[in-house]
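Here, each number is a calculation from the coordinates, and none is a lab measurement. Quick caveat: nothing in here was measured; it's all calculated off a predicted structure. No Cβ is skipped: glycine too gets one built from the backbone with ideal geometry, and neighbour counts run over all protein chains shown.
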Amino acid sequence: MTGKDREFKNILFTTDFSEASVHAASYAASIARSYNAAVHVLHVVDTSEEAAGFYLPHLSFEKLDAELKDTAGAMLKKFCAKNFKAHEGLKATVVAGEPYKEILKAAAGADVIVMGTFGKKGHLDRLLFGSTTERVMRMAKCPVLVVPPAE
């Protein structure tokens, strides 16, 4: 199959609800319309040890897991309604874990991953552990479309 023959029937779109994600969503929606593709919108509640210590040093994410996922689920529902208005074949999922690992798991069967970048710039974990986007790009089995922030 050449690049000209490639069809994207299953798109994985990841969001952290940032402006970068909103901007990237327009690309995912456009590709989905062009190829009549199914879209799986994924948000990962970061429950890695690094995140737990950084965000809430006195609490573990294990205790907050259900509440965080419920809150993220409500946010994801609003995000999808706004950014993927009349799209049929939309699936939205919230999972908890280490973001790049969960994204790679969810990418099984995806023809392309679409994600924004610099959604959470300035965070210490980005400097120490590398960005989620960079890890996904290196390890994904399918193409990854990384959308830079809007100017």
Using 0.36 nm times the number of residues separating E7 and H87, minus their current alpha carbon distance, what extension gain do you get? 27.0 nm
Label-to-label distance, nm, for residues given as E19 and A74 (7 Å Cα→Cβ offset): 2.5 nm
Hey, what do the phi angles of segment 99-107 turn into as Karplus ³J(HN,Hα) couplings, whole Hz, using 6.51/-1.76/1.60 and θ = phi - 60°, x for Gly and Pro? x, 5, 5, 5, 5, 5, 4, 5, 6
Provide the packing ranking of 34-41, 88-95, i.e. peptides ordered by the mean count of other C-beta atoms within 10 Å per residue, highest first. 34-41, 88-95
Taking 142-148, 26-32 and ranking on average Cβ neighbours within 10 Å, highest first, one gets 26-32, 142-148
